1. Taking segment B:383-397 only, how many residues are surrounded by fewer than 17 Cβ atoms within 10 Å (Cβ to Cβ) and within 26 Å of B:K51 (Cα to Cα)?
2. Would you tally the residues in segment B:368-405 being within 13 Å of chain A (Cβ to nearest Cβ) and within 25 Å of B:E16 (Cα to Cα)?
3. Determine if segment B:315-322 includes at least one residue that is in a strand (DSSP E or B) and small (G, A, S).
4. Residue check: is B:A365 in contact with a helix residue (DSSP H, G or I) (Cβ under 8 Å, 6 or more places away or on another chain) and within 8 Å of chain A (Cβ to nearest Cβ)?
5. Is it fair to say B:E41 is in a strand (DSSP E or B), of a type outside the set (F, W, Y), in the same structural domain as B:D162 (by TED's automatic domain parsing) and within 30 Å of B:N398 (Cα to Cα)?
6. Does segment B:350-359 hold any residues that are in contact (Cβ under 8 Å) with a residue 40 or more places away in the chain and either facing another protein chain (nearest Cβ under 7 Å) or of a type in the set (A, V, I, L, M, F, W, C) (or both), and which are they?
7. Regarding segment A:93-114, can at least one residue be identified that is β-branched (V, I, T), closer than 21 Å to A:L69 by Cα and surrounded by 24 or more Cβ atoms within 10 Å (Cβ to Cβ)?
8. For segment B:179-203, how many residues meet the condition of being touching a Leu at 6+ places or on another chain (Cβ under 7 Å), within 11 Å of B:L168 (Cβ to Cβ) and either assigned to a helix (DSSP H, G or I) or not hydrophobic (A, V, I, L, M, F, W, C) (or both)?
Amino acid sequence: MNASTPTLTARLTELLRKPFVWGVLAILLLLVVNLLKDPSYLAIRVNPTNGNLAGNVLDILRASAPIVLVATGMSLVIATAGIDLSVGSVMAVAGATSMQYLQSADAASSMSAALTAMAMSIALGAVLGMVSGALVAYVGLQPFITTLVMMLAGRGLAKVITSGQNTTATNEQFRWLANGYVGGFPVVFLLALVIAILIMLVVRRSALGMMILSIGINPRASRMAGIKPAGLLITVYALSGVLAAIAGMFAVSSVMTVDVSQTGYQMEMDAILAVVVGGGSLAGGKLSMGGAVVGALLIATLDKTVVFLGVPSSATPAFKATVILVLFLLQADNVRGLLRSRRPRPTLPTEPVDTKVSVAA
Amino acid sequence: MAESPPVVEMTGISIEFPGVKALDGVDFRLFPGEVHSLMGENGAGKSTLIKALTGVYKIDSGTVKVRDAERRFHGTADAQAAGISTVYQEVNLCTNLTIGENVMLGHEVRGPLGINRRATFRAATEALRKLGIGHLDPRAPLSSISIAMQQLVAISRAMATDSTVLILDEPTSSLDAAEVDQLFGVIRRLRAEGVAILFVSHFLDQVYAISDRITVLRNGRYEGEFLTRDLPRGRLIATMIGKDLEALASLESSREARHTETTDEPLLKADGIGRKGSIEPTDVSVHRGEVVGFAGLLGSGRTELARLLYGADRADTGTITLDGKKVALTSPVSGLDNRIAFSTENRRDEGIVGDLTVRENVVLAVQAKRGWARPLSRREQDEIVQKYIAALNIRPANPNMLAANLSGGNQQKVLLGRWLATQPQVLILDEPTRGIDVGAKAEIQDSVAKLADDGVAVVFISSELEEVVRISDRVLVLKDRAKIGEIVNGPEVTAQMVVELIAAHHEEPLPDGDPTDDPTTDGALRAPTTEGASAA
């Protein structure tokens, strides 16, 4: 921190104001904690026979894949001042659909069966998202209530699809989603990253981002400016549904079993936290998909750390909540201002000025 | 008057925002028992000075003295505790609460069982009576009274804390003449009680009617303090804008010279369009290159009619033809598709998207028309934005600034730019000059005249009748949600004629109002939010 040039300090303070930077710092901190417990935590092994990478970091990346996808969709929904609580249930629906179809198809190594299962799941996810979107856009129901209902309905639908069973199926191609490697990296992570980047590019390069933000900030003014909020809202919720469906397939493909009550359970919480960690605002009008991806990585790291440190499973939620609460506090401007005025650090040229003003005022 | 010491004395106030010196060594004094007007163009620093006084903004240098003691407030609550209360341009009250609760919010009378409602309402009635509006029922919901009455309630609320300084920031911008008279009655009453009043308004007549002293700001600098009786209007305006009003005078002559050219088929023709509960079936026609003014008081249906012409609201009855072809205007999208643009009077809620940049606000409608899949390139955006920043003189000329950080007049210009960028053939402007200063007003009026010369059909709505008469080729007069006449403009037409037309049109009984309506509120003065006037 002993930077001599004020421009560097200014740039650093500017950087610290970006919420996702705190997410990155939190990830690094968690990794350091793990390193202290086991100095070889970050070691990455290369499987000599097939060149695949393995290690804790790879486990984290693999686990982050579904969260990255769901958080990307969630960040768009939240930017419109909405919320999608149904993502976890949509994951279960997609998982149930895939497993049920593959079981009935009974084709252990058929590519076409795998593709059909994926297409059906994605289509169902899109339909569920569109229903939420239509209810929000045309009926004017509150997003929270609408997707809360969809959350219940989706979980129920998943159980109907599998007749309440935890369906198991075999299909090599489908299983490749979770267990395959490309270039040494797990397929799930690469796919999630590619999809997230694609969506980011589309939103950035088209006018979608501006319009979504505009709706989130001032829906009435947006309508008067000729933006059709209904179409945009339905698109955004449908996209969230599609991404949740893909995440659901990721979640079931590793064990090739859908657990209708556990698949995607509480994923909406993880996704919302990831978005907020990344700088989204539940009031709408803020969009940072890169931040959401950072948030998703943080959640995955946190999950793995909890297990690694041997935190008792009954204390896990409280531990997770504490870490995230501390992070939110650090992101909050006024908390940072409070910390700063308590212990002035004369090395930073801007801070003594701040303190002086607050004393004089 | 100046014998007693000032209650507030600000000296050498400077405030700097990133990149802008908002205030630069400004002096300001407030004397008890005096109305002091703060004048200046948009962005001159009036609101900043008020916020510096009430502690919303931190002062970089300079001193604030209240009753000879140097003070620095940390927010409006702090300032209020020192007896300085503010009533803002837009009424900041809770419409879901009762009148009494609004007056007493934060200082309710408390008893052993929490808030003593009866005593609270009694105190509220007392506060209302002090301002001569004791006839209001403190238990009635705030939403049941007109905007003007709400403004007075806001003042009672400010005075309920026994303030010695009252700041009124644009209190008259949404009031009509009779309501302004009522407000001025209240202000005079408070002045007689020794309250020091800081008054901000863009209406020169009002400033001259009410104020004893005027301080002028320009570009964040102090231009001088004058006694109102020593300052002729011409000199005031010259001080404010640094030039005289030739612009307005030349505008007048140009309109009068060319208003008779339109005899062909109208571009926009509406037959019997109406909407239940907002406007009776009405005929409107607008020719290419013609400016049609809608004149009428607040609540006369002028805004409601304009909204039907754009598709912001859907008409129940009637047909609209554009260029001879029948069109269905069911939504803003359909209006834009037919190259109709509508600039709303409700800038904050329906106009500006505050947390987007000026650039995004200007290109928003063009982009919405193209759809999200065909984005404007950065270069195209820059071209559009630079063009309108220059043409409309938007200040500061920074396309990357958040629109919310612009002054009201510049936000209005950004909105005008947004609509002009869509290259409309019909442009509907609802109160485009409300709450903005003389200079910006002249610029906007000038733009309207130019647009008409370029063949755009313009509908111009303003609560300033002089402005409507000055700028329009034809004036459509509305009253009580119906059209009562049309005047073809000419040299002999004056705002007085329009007023007489509205005043004379009294043979019909007023429509049945909401029974809970205050009986003293004249039908013609009713704010548009008041519901219940059924279609006769």
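1. Going through segment B:383-397 one residue at a time, the tally reaches 3.
2. 3
3. yes
4. Values: in contact with a helix residue (DSSP H, G or I) (Cβ under 8 Å, 6 or more places away or on another chain): yes; within 8 Å of chain A (Cβ to nearest Cβ): yes.
For B:A365, the condition - in contact with a helix residue (DSSP H, G or I) (Cβ under 8 Å, 6 or more places away or on another chain) and within 8 Å of chain A (Cβ to nearest Cβ) - is met.
5. No.
6. Taking segment B:350-359 and keeping what is in contact (Cβ under 8 Å) with a residue 40 or more places away in the chain, we get B:351-359.
Passing the criteria: B:G351, B:I352, B:V353, B:G354, B:D355, B:L356, B:V358.
7. yes
8. Within segment B:179-203, residues that are touching a Leu at 6+ places or on another chain (Cβ under 7 Å), within 11 Å of B:L168 (Cβ to Cβ) and either assigned to a helix (DSSP H, G or I) or not hydrophobic (A, V, I, L, M, F, W, C) (or both) number 3.
The values are calculated or read from the model by the stated rules, or taken from the named source; none is laboratory data. Computed from a predicted structure; not experimentally measured. Glycine also receives a Cβ, built like all others from the backbone with ideal geometry; neighbour counts cover every protein chain displayed.
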